[in-house]
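Bear in mind that the values in this text are calculations on the coordinates, not laboratory data. Note that the structure is predicted; figures quoted are calculated from it, not measured. Positions of Cβ are generated from backbone atoms using ideal geometry, with glycine treated the same way; all protein chains shown enter the neighbour counts.
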Amino acid sequence: MPTIDEKASVTNEEEQQEVFNMFAARMENIDVCKSTGLTYNQVKDYRKCYEKRCNGEA
């Protein structure tokens, strides 16, 4: 299964923005899972992508 980084062009932009907003609100990964229905691994991949973006790498 490809990670979100590998299939970023296929990722649902609205879903990504919703998850990033939750990260910005300092929600824990497990709480994001419960709120969105995403798997823990999906949320971890989003978290990596979010941190790269915050660090100016993306």
**Study point:** Neighbourhood charge, 14 Å Cβ-Cβ cut-off, centred on A24 and excluding it, Lys, Arg +1 and Asp, Glu -1
**Key:** -1
Review point. How would you rank 23-30, 43-50, highest first, on the average number of other Cβ atoms within 10 Å across their residues?
Key: 43-50, 23-30
Review point. Tell me, in nm to one decimal, what length is gained between N41 and N21 on full extension, where the rule is 0.36 nm per residue of separation less the Cα-Cα distance?
Key: 5.4 nm
